[in-house]
Amino acid sequence: MPITFQKENSLFRLTTKNTLYAFDIVKGKLIHRYYGKKAGAQVKTFAEEPGQVWSFAPYATEGEVYFSLDTQPLEYSYFGSGDFRTTALRIRNGAGNSVTGFDYVSHKIRKGRVEIPAIPCGRADDRTQTLDITLRDAASGCELHLYYTVFYDCDVISRYASVTNRSGGDVVIEKWMSLALDLPGHNYDLISLAGAHAYERIYNERTPVFRGNLSMHSRRGATSHQMNSFMAVCDRKADENHGDVYGFNFVYSGSFLNEVEGDPTGKTRVQMGLGDENFNYRLKDGETVFCPEAVMTYSPKGLGIMSRNFHRFANDHIVPAKAKERRPVVLNSWEAFYFNINEDVMVDFASAAADCGMDMVIMDDGWFGARVHDRAGLGDWYVNKNRFKEGLAPYVDRVKKTGVKFGIWVEPEMVNPDSDLFRAHPEWCIRCPERPMSYSRSQYVLDMANPAVIEYLKEMFTETFRDVPIDYFKWDMNRHISEPGSLYLDAEDQGSMEYRYMQGVYSLFRWFMETYPDAMIENCSGGGGRYDLAMMAISSQIWTSDNTNARDRTLIQYSSMLAYPASVMSCHVSNPHGDMHELDLKYKVAVNGVLGYEFNVLDTPDEVKDEIRRQVKEYRTFDLVITDGEYYRLSSPYESDISAYYFQLGDQILLSAILTNGHAVTGRKKECKKLAVRTADPAATYRDTRSGMVVTGDELRRGIEIGAFSPDGSGWDAKLWYFVKE
Ligand code: DGJ
């Protein structure tokens, strides 16, 4: 049984394949006892290890000075209740104060999981179990459920919660974190993934934890390019294969707050959730609300295991099962033509895709309304008849006759001020009365918290896509939320607008999935601005970044794979400018994920087309090794001039080394001369199907020489080996 409760000492034990998580109930409070390796774990209960007395720490019962919420390692903590550290839940009650304090009432161990209304979450399997703990705050009249869901095989435990108001009046949830974990000691580093548009997750930063609060967040109404929701807390000396590592991530696509706080007593509090700046939820009497799911994993041996646990979790419990069908190799029109598309160009483009052996052509931005540049047309989801004279269906028919599938770009959440939609419904935008709205990419954000907006979009798309055989949608989102307000919601509900916005977005995604069950969705937000587990749960893959420069991409992809699998990482080869070296390099970088192309192959020399044909054919021989295999990092482009890694699926090993020539961001220099495939079968012989080289598994395990690179003067080059057991 993954979850057990020992009545005699009130101890909960949550086990995954290799980890154990434990806490006990003491005086109605949940006290954290252990998170780490299962094998040989020594869990001490509160009775065995009550902790020490600290001056100035409040306590509830006269004489019981040792039992203070300020100094105990807690499972969840409440504002104003005697814990002076950063807290997980703050509810303003009917009396107007925000002091919060819940006590254990009962618990249930459930098969499967508790679904979170209108927010994506991990999919349960036969072994999934959930611990559902009921707590009550007598003063505020609220009931709290803390949920712990165990995903056994991938060593992941998730945390989420719900609050029900039984106070007889309104209460306001002012801060809400899904996950709280008190770790022993301070001697940790924090790893976070910051970035910018076109540089998503490129600052793979490592910062020592100290006695103070480190907070990472998005206040943008989207996960954002600027800070990803993933973080890891690890031993100071932890590396790829050594040291304790705790990994965390949030299954949500809106604003978030991650906190790591060293406390004065020598512990470290880790929290992840909705936070308090962009979330403030009025809960009416009798209502229940859930926070999104946060996930955690533990590795006793470095970052590699953490990543593989998260990859397995995403592949088995997040990404829709249907998305696992072989991902198409696409040719996308954006970097080829930008807004200059029309029917004839796109049909020729589709023929070129077919000629190069690709599976699908994607018609990106520019096909609808007055969208001939980025200052008009968003929101008007009807085909531009100047460009597609007979409408979409006959045009898509022509595309399909070339032998490829068809994908189309949409950006449902947005509107240009210069659009029929905005002229008809200016009140449908995110805005505050009497306050000017900020532009970003000449567009405004639609109020997805308003059901009328969602209904309008459904009607528009239903009409426009009637009888059009679409195989793929690229769902884009090209600005963040400013002036967060909704003309639809009551004044008291304005603070929950962003949360309700995300629920609206998710419901429209679900509608797309149900209405077009044979189509896949590629998520995009100006590249990888919503590169998160919730988006991965409702799409098949994510456009990683608008930056397709091979060197930058090497860094972006390397960091992305700390937390997310290759199966969702959409990687396109962009214009090689007729340079065969650049084409080869971009291909070898792009095969780190789901391969596609994005440039004008119509005016490309024949030798480039021949090479693309060869690449696509070759990719098809090993694509499953990438999307379904296990991933091992060998050399970090942040620490050396070389990015090296391999994927292994049974008898197949795909090994890559990319010379980035001093482009490292952090300057942590290490030399990498040999590539050791430590998981190769020592007794076997492998053949590199690319070069014909034969090596023993033992040699692979000891490491093969990288050898010389042959940079073209730009200082970058890449090598690829595809070993198959003989
Ligand atoms: C931003 C995306 O990241 C690009 O790939 C492209 O789809 C443009 N938007 C279109 O406007």
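The values are calculated or read from the model by the stated rules, or taken from the named source; none is laboratory data. Please read these numbers as outputs of a predicted model, since none were measured by experiment. As a convention, Cβ positions derive from the backbone with ideal geometry for all residues, glycine included, and neighbour counts pool all protein chains shown.
Some notes on this structure:
- Residues being over 26 Å from Tyr564 (Cα atoms), of a type in the set (Phe, Trp, Tyr), touching a Ser or Thr at 6+ places or on another chain (Cβ under 9 Å) and crowded, with 22+ Cβ neighbours inside 10 Å are entirely absent from region 300-321.
- The lone exception for Val99 - which of (1) crowded, with 16+ Cβ neighbours inside 10 Å; (2) free of Cβ contacts under 8 Å to residues at least 24 places away in the same chain; (3) β-branched (Val, Ile, Thr) it fails: (2)
- Cross-chain or 6+ apart pairs with Cβ under 9 Å, region 590-610 first and more than 21 Å from Val347 (Cα to Cα), then of a type in the set (Gly, Ala, Ser) and part of a helix (DSSP H, G or I): Ala590/Ala550; Asn592/Ala566; Gly593/Ser560; Gly593/Ala566; Gly593/Ser567; Val594/Ala566; Val594/Ser567
- Candidate set from region 578-629 (those that are under 18 Å from Ser560 (Cα atoms) and assigned to a loop (DSSP other than H, G, I, E, B)); member that is nearest to the ligand (Cβ to nearest atom): Gly593
- Boolean, Ile521 is within 14 Å of the ligand (Cβ to nearest atom), surrounded by fewer than 24 Cβ atoms within 10 Å (Cβ to Cβ) and on the phi < 0 side of the Ramachandran plot: yes
- With respect to the conditions (1) closer than 20 Å to Pro73 by Cα; (2) in a loop (DSSP other than H, G, I, E, B), Leu135 lacks only one, and its number is (2).
- Arg206, sole failed condition from (1) surrounded by fewer than 19 Cβ atoms within 10 Å (Cβ to Cβ); (2) part of a strand (DSSP E or B); (3) at pLDDT below 95: (3)
- Matching residues, region 58-100, being over 23 Å from Ala161 (Cβ atoms) and within 31 Å of the chain's Cα centre (by Cα): none
- Only listed residue being surrounded by 15 or more Cβ atoms within 10 Å (Cβ to Cβ), within 16 Å of the ligand (Cβ to nearest atom) and not in a loop (DSSP other than H, G, I, E, B), chosen from Lys458, Lys474: Lys474
- Filter result for Ser540 (surrounded by 22 or more Cβ atoms within 10 Å (Cβ to Cβ), away from the ligand (no atom under 11 Å from the Cβ) and more than 25 Å from Glu277 (Cβ to Cβ)): yes
- Counted residues, region 477-495 - those being more than 16 Å from the ligand (Cβ to nearest atom), of a type in the set (D, E, K, R) and not in a helix (DSSP H, G or I): 2
- Scanning region 427-445 for residues being touching a Phe, Trp or Tyr at 6+ places or on another chain (Cβ under 9 Å), away from the ligand (no atom under 16 Å from the Cβ) and not polar (S, T, N, Q) gives a total of 6.
- Among the conditions (1) in contact with a strand residue (DSSP E or B) (Cβ under 6 Å, 6 or more places away or on another chain); (2) away from the ligand (no atom under 14 Å from the Cβ); (3) under 22 Å from Ser440 (Cα atoms); (4) not aliphatic (A, V, I, L, M), Gly504 misses just one, which is (1).
- Residue identified as over 23 Å from Gly526 (Cβ atoms), in contact (Cβ under 8 Å) with a residue 40 or more places away in the chain and within 16 Å of the ligand (Cβ to nearest atom) among Arg375, Arg398, Arg387: Arg387
- Residue count for region 213-240, restricted to those that are surrounded by 21 or more Cβ atoms within 10 Å (Cβ to Cβ) and in contact with a Phe, Trp or Tyr (Cβ under 8 Å, 6 or more places away or on another chain): 11
- Test result for Tyr531, within 14 Å of the ligand (Cβ to nearest atom), of a type in the set (Ser, Thr, Tyr) and assigned to a loop (DSSP other than H, G, I, E, B): yes
- Of all residues in region 533-546, those that are under 7 Å from Ser570 (Cα atoms) and modelled with pLDDT of 95 or more have Cβ atoms under 6 Å from Cβ atoms of residues that are assigned to a helix (DSSP H, G or I) and away from the ligand (no atom under 14 Å from the Cβ), 6 or more apart or on another chain, in Gln541/Val568; Ile542/Val568.
- Test for Arg211: is it part of a loop (DSSP other than H, G, I, E, B) and closer than 21 Å to Tyr298 by Cβ: no
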